[in-house]
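Report on the structure given below.
The values are calculated or read from the model by the stated rules, or taken from the named source; none is laboratory data. Since the model is a prediction, treat every value here as computed from it, not as a measurement. Cβ atoms come from the backbone with ideal geometry, glycine included; neighbour counts cover every protein chain shown. SASA here: full protein model, heavy atoms, side chains in, ligands and nucleic acids out. Shrake-Rupley method; radii C 1.70, N 1.55, O 1.52, S 1.80 Å.
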Amino acid sequence: MTDLVKNSKIPVAPLWGFFTFIRKKTPVPLSIDQYVYFITALHSLDTQLDDVDDLLTFTKVFWLADPAWTKQYERYFLSFFKDISIPNPKPSPTPPDPPPPPEPLTPPKPSTPSEAPTPPEPVSSPVVTNESMVDFELVLRDAVGPSPVIIKDSAQSSTQYYLGDDLIMPFRMRTFIQRLRRKIETSERIQSDEINIREMITQYTRSGFIEELIYEMEDTSSSHIVLLSDRYGSMLAYEYLENYFADGFRRVPHCLFEHYSFYNLPERDSEVEYLLTDQGTHGDTFRTSEHHWSNKTWFFVLSDAGGLSGMVNRDRLKDSLKFWRFLNEISPHTHWINPVPMRYLNDCTAKRLQMSIPMIDPTEEALHMLILDSKSAR
């Protein structure tokens, strides 16, 4: 199978084209990792796929998430591979034809002075045309993204971008979450569901009867993340970034994740209470007086802080500082992520707020430094 792939007898370009097409059609979305797993498994096969039907069956194992969608899947697949055939493995070699007998040599005809020798006609070598085929190693390299694409412009500094499942982002969410998880986890021992037989026997031999059930204790970890997102004006253009963070935070194991939004600034019901929109309950209003946050909670505020307004709003300056202090009084793990780099801004609300509130760009290096400089939640 490896030879077939390398010799392009099972073309990778239709496979990649079919995958990028089917991942948008399937009821259960597919990730780039599932393409990587398929290619890896294709290389590991010990047997030969004899025809397109075998290839169809093999792709179903990785890419058909809902059996009820089988007919549509097969129809789309055959539309991509109807003109492609897979040859039988290891065809029996046919003996080469015997070489023709050599022609007898004839002496060259002497040329007369009046006859000029005719120059031999140039022999043109056959032009070999290669099919435009995507090499699977290049596809994998672009999908996994080991080498970042560096985009340079005369008006901006170098920024690294990485390929995600749906977007090209300035940081790798998997790397960020793995680093963050080590910081936010708190370890504790809790009572498990398994009965401690040894202690139960000891209790019985000591008192002659069982007083109460004794359970095993187990080590566990937990964490708590709250995402507070601005959804007003210029921040509507960064909704994709909000969803990217929310999806990443949901993947943290044993993590209680809360997601709230506000418009420009959280609405205040009093000096000590804010009103937020709960994104986990279909837009219900959440009062901060009802929170269960602690000093181990990690807050992430996603807002441009009026950076794109091009003006200084003194009321917003004052209210933003109050909101920042409110969160910091609950937990020291409070971070403000501003999607608009400060180097692009003139004097404005965000520029002045940065003197009191540390704001970071959502880039690989900045997020790494955020975690590196933060104290653990333990």
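Worth pointing out:
- Filter result for R352 (open to solvent by 30 Å² or more (accessible area, probe 1.4 Å) and under 20 Å from P266 (Cβ atoms)): yes
- Check on R206, more than 40 Å from the chain's Cα centre (by Cα), of a type in the set (K, R) and not in a strand (DSSP E or B): yes
- Close pairs from region 327-344: first farther than 17 Å from P362 by Cβ, partner open to solvent by less than 20 Å² (accessible area, probe 1.4 Å) and not charged (D, E, K, R), Cβ under 6 Å, at least 6 apart: L327/F299; L327/T334; N328/T334; S331/T297; H333/W298
- Checking H254 against (1) open to solvent by less than 40 Å² (accessible area, probe 1.4 Å); (2) over 22 Å from L321 (Cα atoms); (3) not small (G, A, S), the condition it does not meet: (1)
- Count of residues meeting criterion [over 32 Å from the mean Cα position of the chain (by Cα), in a loop (DSSP other than H, G, I, E, B) and not acidic (D, E)] in region 260-292: 1
- Per-region count, region 187-233, residues open to solvent by 100 Å² or more (accessible area, probe 1.4 Å), charged (D, E, K, R) and more than 27 Å from V252 (Cβ to Cβ): 4
- Candidate set: region 327-341, residues that are out of contact with any strand residue (DSSP E or B) (no Cβ under 7 Å at 6 or more places or on another chain) and over 21 Å from E239 (Cα atoms); chosen: the one most open to solvent (accessible area, probe 1.4 Å): E329
- Each residue in region 288-304 was checked for being within 14 Å of F262 (Cα to Cα) and either in contact with a strand residue (DSSP E or B) (Cβ under 6 Å, 6 or more places away or on another chain) or of a type in the set (V, I, T) (or both), and 5 pass.
- Verdict on I210 being without any contact (Cβ under 8 Å) to a residue 40 or more places away in the chain, in contact with a Phe, Trp or Tyr (Cβ under 9 Å, 6 or more places away or on another chain) and among the aliphatic types (A, V, I, L, M): yes
- Annotation: A41 fulfils all but one of (1) of a type in the set (A, V, I, L, M); (2) modelled with pLDDT of 75 or more; (3) open to solvent by 50 Å² or more (accessible area, probe 1.4 Å); the unmet one is (3).
- Taking region 294-348 as the range and being assigned to a loop (DSSP other than H, G, I, E, B) and either β-branched (V, I, T) or more than 32 Å from the chain's Cα centre (by Cα) (or both) as the test, the residues that pass are T297, G310, M311, V312, N313, V340, N346, D347, C348.
- Residues being free of Cβ contacts under 8 Å to residues at least 24 places away in the same chain, of a type in the set (V, I, T) and in a helix (DSSP H, G or I) - total across region 178-202: 3
- Residues that are without any contact (Cβ under 8 Å) to a residue 60 or more places away in the chain, over 17 Å from E74 (Cβ atoms) and not in a helix (DSSP H, G or I), drawn from region 30-60: L45, D46, T47, Q48, D50
- Per-region count, region 227-245, residues closer than 15 Å to T277 by Cα and among the hydrophobic types (A, V, I, L, M, F, W, C): 2
Residue-wise test of (1) open to solvent by less than 80 Å² (accessible area, probe 1.4 Å); (2) at pLDDT below 90.
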{"site": "L265", "(1), (2)": "yes, yes"}
{"site": "R268", "(1), (2)": "no, yes"}
{"site": "V272", "(1), (2)": "no, yes"}
{"site": "F286", "(1), (2)": "yes, no"}
{"site": "W293", "(1), (2)": "yes, no"}
{"site": "V301", "(1), (2)": "yes, no"}
{"site": "L308", "(1), (2)": "no, yes"}
{"site": "M311", "(1), (2)": "no, yes"}
{"site": "L317", "(1), (2)": "yes, no"}
